[in-house]
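Q: Next up is a structure, given as structure tokens.
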Amino acid sequence: MKTISHFLYVFAISVFTGWLSAGCSQGTTEANPQSTCRIQQYNAVSKSALSNTVSQTTYEYDQLGKLTKTVTTFTKQSTPATNQQTSTTTVLYSYNAEGYLTAMNSQLTTITTTAGKTITEKVSMANSYSYTNGRLSSASKRTVGAYGLNTTVSELYEYDGTGALVTKTAQTHYDYDPTITHEIPGNPTGPLQIWTYQQNVLIDYVEKSGTLVSRPITIQNGLATSITIPDNYKVSWEYDNQQRQIKLAEYVNDTLTRTTSQTWSNAKPAIASLPVFKGFPVTAPASEFGQVGVLATSTYVYWNSVSKKMETFSAQTSLSQTNTQGYVTNVTTVVKHPIAADQDETTTETYTYSGCQ
């Protein structure tokens with residue numbers, strides 16, 4: 001079975017799912033270097049009629065304030081307790097004598113128990129980074145999959161005379177263990193991806209496969225406003241004046257199939273308290289898919305093929321509290337499902353910091 005028949009499809013889906021969790025994503029390049037706050041721990045408890053979920057992330061720093069380790073644990077227990085999934089992700093950060101990040105290695109172990117059967121899956125990632133004249137010049141990111149399919153992404157960065165990022169290129173290479181893999185890549189090499197910047201603002205994105213050149217993403221003011229892939233699939237985005245996504249729309253064969261609308265609180269996300277990696281490029285915004293934030297509301301509407309109309313699948317409301325520096329400390333989120341009440345869920349999140357004044 002060929003599961004990587006088209007790289008763009010995988011890219012679009014990863015972007016699509018990443019957007020849905022943007023309010024709590026944990027990147028490391030969007031930070032506020034002036035802040036003395038540093039996130040130390042994140043805890044979340046979710047409860048519904050179908051399951052209970054508990055997750056926690058802890059952060060460790062060295063004496064100079066550099067991030068050295070994160071550990072994330074996750075447990076989901078069905079109700080009644082017939083199925084359970086637990087996972088642990090450990091990420092280790094290494095630096096050279098000058099304080100530049102040289103490696104980031106992670107290990108994800110997931111244990112799933114269903115009807116008395118236990119399955120253990122392990123995924124590891126090894127990233128390495130190189131610098132020229134104090135700026136990130138290349139990166140290698142290798143992921144070893146749970147079922148024998150592995151990927152290596154090679155990235156190159158180029159700058160102008162002022163130090164502003166001009167281009168970033170990336171290419172993905174696939175390899176696999178034929179004795180255990182459940183997935184066989186359709187092509188051992190993905191397209192060459194090229195991001196072009198002007199004064200640290202993204203102005204173009206190109207993919208090249210042999211002689212074929214495509215621009216699947218439309219860019220405006222450094223932000224992706226749409227992505228189109230074969231088989232007539234398209235996703236579009238809208239943003240507020242703080243470059244946060246406020247609407248996603250999905251189309252299949254030019255027919256609207258779902259929308260997600262979001263509003264945001266004024267709280268600063270915990271991610272903004274993480275230290276910046278020395279020498280990494282700083283773009284505006286940090287990602288072509290907008291700035292992260294703390295959600296206030298989110299409504300997901302989909303096309304019901306039975307009733308032949310758009311209907312609300314879920315409506316989320318979040319209430320946030322902040323510390324004196326404006327960082328989110330507590331969030332209570334209620335998600336209602338008008339057509340599936342047993343999926344209604346309440347989540348309580350707590351963020352603990354150090355160094356806040």
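Q: Tabulate in residue order the Karplus-calculated ³J(HN,Hα) for segment 70-82, using 6.51 cos²θ - 1.76 cosθ + 1.60 with θ = phi - 60°, rounded to whole Hz; enter x for Gly and Pro.
A: Each residue's phi maps through the Karplus curve to give 10, 10, 10, 10, 9, 9, 10, 10, 6, 10, x, 6, 9 Hz.
Q: So if I take the alpha carbon set of segment 51-120, get Rg, then get Rh from the Kirkwood formula, what is the Rg over Rh ratio?
A: Reported Rg/Rh, Kirkwood definition of Rh: 1.18.
Q: Pull up the cross-link candidates among the lysines for LYS208, meaning alpha carbon to alpha carbon under 22 Å and not fewer than 8 places away within one chain.
A: Reachable lysines: LYS2, LYS141, LYS168, LYS234.
Q: A follow-up question, please. Using semi-axes √(5λ) of the Cα gyration tensor in Å as the read-out, say which of (1) 37, 27, 19; (2) 30, 27, 24; (3) 50, 22, 20 was calculated from these coordinates.
A: Of the labelled values, this structure produces (2).
Q: Note down the nm distance, to one decimal, between modelled labels 7 Å out along Cα→Cβ at LYS47 and at VAL334.
A: Rounded to a tenth, the inter-label distance reads 1.4 nm.
Q: What GluC sites (Glu not before Pro) in segment 60-141 are in a loop by DSSP, with at most 13 other Cβ atoms within 10 Å of the Cβ?
A: Loop-located and lightly packed - GLU98.
Q: Any aspartates and glutamates with Cα under 20 Å of the LYS47 Cα? List them, leaving off those in the same chain fewer than 8 positions away.
A: Counting by Cα, and skipping residues close in sequence, LYS47 has these aspartates and glutamates nearby: ASP342, ASP344, GLU345, GLU349.
Q: What full-extension length gain, to one decimal in nm, is calculated for ILE184 and THR102 as 0.36 nm per residue of separation minus the Cα-Cα distance?
A: 26.4 nm
Q: Follow-up question, since we're still on this one. Take the residue pairs LYS247/LYS336; LYS247/LYS268; LYS69/LYS117 and return only those whose Cα atoms are more than 25 Å apart.
A: In this structure, LYS69/LYS117 exceed 25 Å between Cα atoms.
Q: For ILE203 and THR225 in the same chain, what is the full-extension length gain: residue separation times 0.36 nm, less their Cα-Cα distance, in nm? Before the final figure, lay out the partial values.
A: Numbers: separation 22, 0.36 × 22 = 7.92 nm, distance 1.21 nm.
Residue separation times 0.36 nm, minus the Cα-Cα distance, leaves 6.7 nm.
Q: Quick one: if you stick a label point 7 Å off each Cα along the C-beta vector at LEU256 and THR152, how many nm between them?
A: Label-label distance for LEU256 and THR152, simple model: 4.6 nm.
Q: Another one. Only Cα pairs under 8 Å and at least 6 apart count here; give the relative contact order of segment 36-354 as a rounded whole percent.
A: 14 percent
Q: Send over a whole-number figure in Å² for the accessible area per residue of segment 174-299, probe 1.4 Å.
A: 49 Å²
Q: What's the carbon and sulfur percent of segment 36-354's accessible surface, probe 1.4 angstrom, rounded to a whole number?
A: Details: 8440 of 16280 Å².
That share works out to 52 percent.
Q: Rounded to whole Å and sorted largest first, list the principal axis extents of the Cα atoms in segment 223-267.
A: So the extents along the principal axes, rounded to whole Å, are 39, 19, 12.
Q: If packing is taken as the average number of other Cβ atoms within 10 Å across a peptide's residues, how do 125-132, 306-313 rank, most packed first? Walk me through the numbers before you get to the answer.
A: Details: 125-132: 16.4, 306-313: 10.8.
Final packing ranking: 125-132, 306-313.
The values are calculated or read from the model by the stated rules, or taken from the named source; none is laboratory data. Only a predicted model underlies this, so the values are computations on that prediction, with no experimental measurement involved. Virtual Cβ from ideal backbone geometry, glycine too; neighbours counted across all protein chains shown. Just so you know, the surface numbers come from the protein's heavy atoms only, side chains and all, with ligands and any DNA or RNA stripped out. Shrake-Rupley method; radii C 1.70, N 1.55, O 1.52, S 1.80 Å.
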